[in-house]
Structure formats: structure tokens, C-alpha cells
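The values are calculated or read from the model by the stated rules, or taken from the named source; none is laboratory data. No experiment lies behind these values; they were computed from the predicted model shown. Note: ideal-geometry Cβ built from the backbone for every residue, glycine included; neighbour counts use all protein chains shown. Ligands, DNA and RNA are excluded from the accessible area calculation, which covers all protein heavy atoms including side chains. Shrake-Rupley method; radii C 1.70, N 1.55, O 1.52, S 1.80 Å.
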Amino acid sequence: MITNAAAGTNVQEIPTGIFRINTPAPLPDGQLFSFNQYLVLDDEPLLFHTGPRQLFALVSEAIASVMPIERLRYVGMSHVEADECGAMNLLLAAAPQAEPLCGQVAAMVSMGDLADRPPRALADGEELALGTHTVRWFDMPHVPHGWECGLLMDMHTRTLFCGDLFTQDGPSGKALVEADILGPSEAFRRQMDYFAHAPDTAQRLGALAAQSPRVLACMHGSAWQGDGASLLRHLSEAVSPR
């Protein structure tokens, strides 16, 4: 469903109860790059990634096409970066009951100060019940970048909100694909390597693979469905030193 024809912002349900909000945006070289947010519609709705502050009007319009924005209960992020949390305070103002949701490190070093309301800080492995859906937090320091980085997984649908992992360039016309995304994401990474390449990157990716995700909800590009464990292991091999 197109929610803003001028910008191309659209909303599509990828597994049941999880909606991808997508906006294509031009890069300085004229190529298109997509920004995604994921809305978990439940008793206590969760938005993962806020989008940059300048996209707030488009993102809030898209949320309103699914539910009243003031129903938001949690606004989550992987790490501190404009596309992750740039619109955090605007969303908190629009949703009076919403809390920022992040890892303990992010709460300590940034969000306790940047956010207009105190964050709900999740420990590694901690779960949060939203209703039908329950999400689990995974600390992922420096994977792909940022000491405070972490990821969420919906245990009900086995959807991993994988942040910057598997970043794909282009307009991302399809919300959910089964075709290869590792090849395109590695081609993008070779142009601008955004991985920190920490000593335990392979171990962290292996721990995610052990969760056997069935959907990988990427922040940039199409979401993917299939054998997520296998794809994460292939990513680990691709970013490990040779």
C-alpha cells in the first residue's frame, strides 16, 4: 500500500502482524537507497527503527495507515545513528505512552540523555512480551558497528530485525524476497565497508544463526525469508578475515 505517492513511502505486511514501512531516498550520487522501519502490531505495538528526523512526517503517516500512532508503546533501535533513532523524540511526542527501547549500553551512554523519556533498557537475551508477539534482545557490540549495537528477534514469527546486516542499495521495490540478498549486500559493502570487523564478529553472527530466524527484516533493502541460519553463517564467512 502506497501511503505517500510523492515520496513513494509504502507499507506492506511481511509475516502476519509485522509491517515494513519503506521510503526510497536519493543518495548524493543520484542512486536510490531505501529506509525501512518495522511496526509490530500487537497489544503493545513496537516500532523498530525510527527513520531519520526528516522522514518523520512520512513514517508517521505510514504508521497511521495501520493504527493510531498514539498507540505506540515501544520505539526500538539497534544503535545510535540518525536512521535508527533520528525521529525518536518526535515519535515520543506523538505517542505519549511510548518508551524508547534499546540495549543497556545504548541507554547508559546515549539514550538516557538524548531521549525525552527514560529508555527501557534490555539485557542480552531478555524478552519483552507485546501480546501475541514476544521479542528477544541480542547484544551485538560492533556488529556491524557501534559499541551499543544490538538486535531484536520476534520469537512468534522467527523474524530477526537485523538492522544494518544485509544492507542492499537500490529502491527496494519488493518488501519480502526469497532471492539472494547476500550477493547484493556484499557488493554494497565492498564499496563502503560499514563493518567494524571486531574479533568476535563471527561468534556473534553464529549465535544469531543458532536462533534459526525465518525472516530477516533488513533496515535497507528487501526483507528476506528462508533459512536465516544458513544465510547468517554465509555472512559470517564473508566478513571474516581470510
* To do: Tell me, yes or no, whether the stretch 208-228 has at least one residue that is within 22 Å of Thr134 (Cβ to Cβ), of a type in the set (A, V, I, L, M, F, W, C), part of a loop (DSSP other than H, G, I, E, B) and in contact with a Phe, Trp or Tyr (Cβ under 9 Å, 6 or more places away or on another chain).
  => yes
* Which members of the stretch 129-158 meet the condition of being open to solvent by less than 10 Å² (accessible area, probe 1.4 Å), within 20 Å of Arg71 (Cβ to Cβ) and assigned to a strand (DSSP E or B)? -> Val135, Leu152, Asp154
* Asked: Looking at this structure, is Ser172 in a helix (DSSP H, G or I) and either among the β-branched types (Val, Ile, Thr) or in contact with a Ser or Thr (Cβ under 9 Å, 6 or more places away or on another chain) (or both)?
  -> no
* Can you name the residue in the stretch 37-60 that is part of a strand (DSSP E or B) and not hydroxyl-bearing (Ser, Thr, Tyr) and is also surrounded by the most Cβ atoms within 10 Å (Cβ to Cβ) among such residues? -> Gln37
* Which one is nearest to the chain's Cα centre (by Cα) among residues in the stretch 160-215 that are open to solvent by 20 Å² or more (accessible area, probe 1.4 Å) and hydroxyl-bearing (Ser, Thr, Tyr)? -> Tyr194
* Residues of the stretch 65-85 satisfying the condition of being open to solvent by less than 60 Å² (accessible area, probe 1.4 Å), more than 12 Å from Leu46 (Cβ to Cβ) and more than 13 Å from the chain's Cα centre (by Cα) -> Ser65, Val66, Ile69
* In the stretch 86-104, how many are surrounded by 20 or more Cβ atoms within 10 Å (Cβ to Cβ) and among the hydrophobic types (A, V, I, L, M, F, W, C)? -> 7
* Structure fact -> Looking across the stretch 106-128 at residues that are touching a helix residue (DSSP H, G or I) at 6+ places or on another chain (Cβ under 6 Å) and touching a residue at least 24 places away in the same chain (Cβ under 8 Å), the single one that is least open to solvent (accessible area, probe 1.4 Å) is Ala115
* Filter result (open to solvent by 10 Å² or more (accessible area, probe 1.4 Å) and either among the aliphatic types (A, V, I, L, M) or in a strand (DSSP E or B) (or both)) within the stretch 12-36 -> Gln12, Glu13, Ile14, Phe19, Pro24, Ala25, Pro26, Leu27, Leu32, Phe33, Phe35
